[in-house]
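Structure incoming, see below.
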Amino acid sequence: MRITDRGYGEEGRERLSLVPENVDDLWHLAHVLEPGDLVEGDTTRRIQRNDDQMRDTGGQREHLFVTLEVGEVEFARFANRLRVSGVIVACSREDQLNAHHTINVEEHDEITVEKQFKPDQTERLEEATEAAENPDVAIATVEEGAAYVHTVQQYGTEEYASFTKPTGKGDYSRPREELFAELAEALAHLNADAVILAGPGFTKQDALDYIQAEYRDLSESITTVDTSAAGDRGVHEVLKRGAVDDVQKETRISKEATLIDDLTAEIAQGAKATYGPDDVAEAAEFGAVETLLVVDDRLRTERQGEGDWAIDANEVIESVEQQGGDVVVFSSEFDPGQQLSNLGGIAAILRYRLQ
């Protein structure tokens, strides 16, 4: 994310001109923009023409500069775009005022956002700006007969490829080199800046030996990590152990993986943890919250007044911050965020046990 300009609008609202540089940045914006915010940008709109000189042909698209009062925001990950819909409140053509419109924001499109940013939203944008300097990372996990490749995104990890090649004895078994070759080919095609190769036993080392012999350039970007499993479980172990942090100064999802493990451990012991909106709000009222955990999509729903929590999420966050606690907003796209969603979307690691 690039911030190209800063200023202030009416009623003390902050104005930021932003350029999303990748899909991660579009995802960040989806969790920053809210109904009532103002978004300015270039767009095209079909203009209806129906006058004495020209028969109405259904309209032609024209380039406009518009300001929308945001109504809805949709992150279309597979289309690599962010859809911002709302009512036009300012426009280069006055006859389009008050019409409904959608701006499609794609990578490298500049928009200006005017709103009263909440602290966690400002922090999210700062993280996105800093992340532009982080290298692209892939996690490859391998075990006998199977290999998986995941890409590391700021909104979580995604499975890029998986391969199954039965090895060992039997009519359907295949040489292990076939599995290693497919894994190496996928990693070479992905062209990540860094690759973490993980898995149980000696299989990953055998895979690395193959890659070093056949894909020497690729092998220079690989580091290895021991895990007890491959696939999603192996990826979780890699993140928990901080292996990604060795190639990324700070990664959001490895922090989330560690925190969710700390939370579940405390819950299992009946110790310094609580979850669910009512219990977390009570803990915040007592000043007992050391770290507040909340899922981004649930927080957004509550802020828009569309949720069912009996508490005010913003008040709980402000209370925790004022009392020196940390607030971590989890990605709903990644497994720790999904685990947190199953606990009601909000939880807390406490300074002391509440009776």
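The values are calculated or read from the model by the stated rules, or taken from the named source; none is laboratory data. Fair warning: this is a prediction, and the values are worked out from it, not measured in the lab. Heads up, the Cβs are rebuilt from the backbone with ideal geometry, glycines too, and the neighbour counts pull from every protein chain shown. Side chains included, ligands, DNA and RNA excluded: accessible areas come from the protein's heavy atoms. Shrake-Rupley method; radii C 1.70, N 1.55, O 1.52, S 1.80 Å.
Tell me which of these Thr274 doesn't satisfy, since it passes every other one: (1) polar (S, T, N, Q); (2) open to solvent by 80 Å² or more (accessible area, probe 1.4 Å); (3) in contact with a strand residue (DSSP E or B) (Cβ under 8 Å, 6 or more places away or on another chain).
(2)
Could you look through region 30-40, keep only residues that are modelled with pLDDT of 95 or more and not in a loop (DSSP other than H, G, I, E, B), and pick out the one that is surrounded by the most Cβ atoms within 10 Å (Cβ to Cβ)?
Checking each candidate, the answer is Val39.
Among the helices (runs of 4 or more DSSP H) confined wholly to region 172-287, which include 2 or more residues that are among the polar types (S, T, N, Q)?
It comes to 203-214, 252-268.
To keep it simple, each residue is scored yes or no on (1) open to solvent by 50 Å² or more (accessible area, probe 1.4 Å); (2) out of contact with any helix residue (DSSP H, G or I) (no Cβ under 8 Å at 6 or more places or on another chain); (3) in contact (Cβ under 8 Å) with a residue 12 or more places away in the chain.
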{"site": "Phe65", "(1), (2), (3)": "yes, yes, yes"}
{"site": "Val70", "(1), (2), (3)": "no, yes, yes"}
{"site": "Asn104", "(1), (2), (3)": "yes, yes, yes"}
{"site": "Glu110", "(1), (2), (3)": "yes, yes, yes"}
{"site": "Thr151", "(1), (2), (3)": "no, no, yes"}
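Tell me the residue from Asp278, Asp335, Asp326, Asp261 that is charged (D, E, K, R) and at pLDDT below 90, please.
One residue alone meets the criteria, Asp335.
Just checking, does region 128-135 include any residue being part of a helix (DSSP H, G or I) and open to solvent by 70 Å² or more (accessible area, probe 1.4 Å)?
For region 128-135, residues part of a helix (DSSP H, G or I) and open to solvent by 70 Å² or more (accessible area, probe 1.4 Å): present.
Name the single residue that is nearest to the chain's Cα centre (by Cα) among those in region 106-152 being among the β-branched types (Val, Ile, Thr) and more than 21 Å from Val84 (Cβ to Cβ).
Filtering region 106-152 for residues that are among the β-branched types (Val, Ile, Thr) and more than 21 Å from Val84 (Cβ to Cβ), the one nearest to the chain's Cα centre (by Cα) comes out as Val152.
So which of Arg81, Arg77 ends up being among the basic types (Lys, Arg), at pLDDT below 95 and open to solvent by less than 60 Å² (accessible area, probe 1.4 Å)?
Arg77
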